[in-house]
Amino acid sequence: MEGRIVKSTGSWYKVLTDQGIINSRLRGKYRLKGSKSTNPLAVGDYVIIDPEDTEEGSAVIKELKERKNYIIRQSPKHKYKHHIIATNLDQAILMVTLSSPRTSVGFIDRFLVACESFRIPAILLFNKSDLLDEDNLELFEAMSHLYSELGYPCILMSAHDDEDISPLYAILEDKTTLMAGHSGVGKSTLLNRLIPEADQKTAEISDFADKGVHTTTFAEMFFVDGKTSIIDTPGIKELGLVDMDEVELSDYFPEMREVRQDCKFNNCTHINEPGCAVKAAIESGEISESRYFSYLSILEDEDNRR
Ligand SMILES: Nc1nc2c(ncn2[C@@H]2O[C@H](COP(=O)(O)OP(=O)(O)O)[C@@H](O)[C@H]2O)c(=O)[nH]1
Ligand SMILES: [Mg+2]
Ligand SMILES: [Zn+2]
């Protein structure tokens, strides 16, 4: 029987099949050859399962189907390993806010670079539009201009407003969408509006329920309809990057990718090499300084990691 993993809690996986959700597990030690990941299977994976205990309705996972793509984060426990957050994604939505709290540009750029490295189209959802003053609105206009030119659609909305939410269905339709963003930006609020059965705790409730209790949270897939799903990633702060060398990083900035073949040296890192086309594009205003600043900051972090 074929199915898709919609939730994983370590050794058990909830697999959605034609016959509903079946609790499944891996038999024995299952390792992906040469894998550097701490988890062999993740939310979004298509698998073949074999019903095991018909009374309990459990099954054994026999086979993992080939993945279209995946996203990872660095394992908190093992420096050289990573954890697969989700797989087989059609797009990623990063929910950000310009006020209460303000999402940093550095964080946005890091997320976009990760999406580029995994070849996943990304959309920026600016939430809490109701809280924006004139300065914040100007900031939105500037950011929206910058990021949509780079190929990342920008949407301004309030998760409290049904009129803002209904256009989102068309964006999500028939796709698997990863939803990410800092805690407090409104992800659970939106998810509950889109899918009332999701029944996600929002800030006020979870603050109360989790008082003094450290809860680990896992990625989970929710369905808007049979073919439309959203993967919520509570507690996941940052995506990791694929293994790359420093020369590759500029490939994950679309505006740098476009000009970097004009650099004098083909291994140019665009820091202070002579004849650098990227630096020339920054000077002429073609490439934004804030994006270049993010580039340098990611480069430095990756250097330190190595
Ligand atoms: N003013 C305003 N508050 C919002 C909006 N969306 C969510 N919130 C509030 O922001 C807080 C955090 O929302 P929550 O959905 O828990 O954020 P999450 O951590 O990303 O899941 C809650 O108090 C929500 O009611 C919005 O569009 N406008
Ligand atoms: Mg939440
Ligand atoms: Zn260069």
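The values are calculated or read from the model by the stated rules, or taken from the named source; none is laboratory data. Because the structure is a prediction, the values reported are computed rather than measured. Neighbour counts are summed over all protein chains in view; Cβ atoms, including those assigned to glycine, are modelled from backbone coordinates with ideal geometry.
For region 245-269, which residues satisfy the criterion of being over 29 Å from the mean Cα position of the chain (by Cα) and charged (D, E, K, R)?
Answer for region 245-269, where residues must be over 29 Å from the mean Cα position of the chain (by Cα) and charged (D, E, K, R): Asp262, Lys264.
On the given criteria, is Leu146 surrounded by 17 or more Cβ atoms within 10 Å (Cβ to Cβ), more than 16 Å from ligand 3 (Cβ to nearest atom) and in contact (Cβ under 8 Å) with a residue 24 or more places away in the chain?
Values: surrounded by 17 or more Cβ atoms within 10 Å (Cβ to Cβ): no; more than 16 Å from ligand 3 (Cβ to nearest atom): yes; in contact (Cβ under 8 Å) with a residue 24 or more places away in the chain: yes.
So Leu146 fails the test.
Would you call Ser117 over 30 Å from Lys14 (Cβ atoms), of a type outside the set (Asp, Glu) and either in the same structural domain as Glu163 (by TED's automatic domain parsing) or at pLDDT 95 or above (or both)? Don't jump to the end; show me each part of the working.
Values: over 30 Å from Lys14 (Cβ atoms): no; of a type outside the set (Asp, Glu): yes; either in the same structural domain as Glu163 (by TED's automatic domain parsing) or at pLDDT 95 or above (or both): yes.
Here the answer is no, as Ser117 does not meet what is asked.
In the set Ala170, Ala122, Ala114, which member is free of Cβ contacts under 8 Å to residues at least 12 places away in the same chain, among the aliphatic types (A, V, I, L, M) and away from ligand 2 (no atom under 16 Å from the Cβ)? Spell out how you get there, then give the answer.
Numbers: Ala122 fails: free of Cβ contacts under 8 Å to residues at least 12 places away in the same chain; Ala114 fails: free of Cβ contacts under 8 Å to residues at least 12 places away in the same chain.
Among Ala170, Ala122, Ala114, only Ala170 is free of Cβ contacts under 8 Å to residues at least 12 places away in the same chain, among the aliphatic types (A, V, I, L, M) and away from ligand 2 (no atom under 16 Å from the Cβ).
Of all residues in region 168-181, which are surrounded by fewer than 18 Cβ atoms within 10 Å (Cβ to Cβ) and either outside the structural domain of Thr97 (by TED's automatic domain parsing) or in contact with a strand residue (DSSP E or B) (Cβ under 8 Å, 6 or more places away or on another chain) (or both)?
From region 168-181, those surrounded by fewer than 18 Cβ atoms within 10 Å (Cβ to Cβ) are 169-171, 173-175; that's our starting set.
Scanning region 168-181 gives Tyr169, Ile171, Glu173, Asp174, Lys175.
Of all residues in region 39-81, count the ones that are crowded, with 18+ Cβ neighbours inside 10 Å and under 15 Å from the mean Cα position of the chain (by Cα).
Summing the residues that are crowded, with 18+ Cβ neighbours inside 10 Å and under 15 Å from the mean Cα position of the chain (by Cα) in region 39-81 gives 6.
What number of residues within region 142-185 satisfy the criterion of being within 22 Å of Val6 (Cα to Cα) and in contact with a Lys or Arg (Cβ under 7 Å, 6 or more places away or on another chain)?
3
Anything in region 175-203 that is farther than 21 Å from Asn88 by Cα, in a helix (DSSP H, G or I) and not hydrophobic (A, V, I, L, M, F, W, C)? List them, or say none.
Ser188, Thr189, Asn192, Arg193, Pro196, Glu197
For region 280-294, which residues satisfy the criterion of being outside any helix (DSSP H, G or I) and under 28 Å from the mean Cα position of the chain (by Cα)? Don't jump to the end; show me each part of the working.
Filtering region 280-294 down to residues outside any helix (DSSP H, G or I) leaves 284-288.
Glu286, Ile287, Ser288 - these are the residues of region 280-294 that are outside any helix (DSSP H, G or I) and under 28 Å from the mean Cα position of the chain (by Cα).
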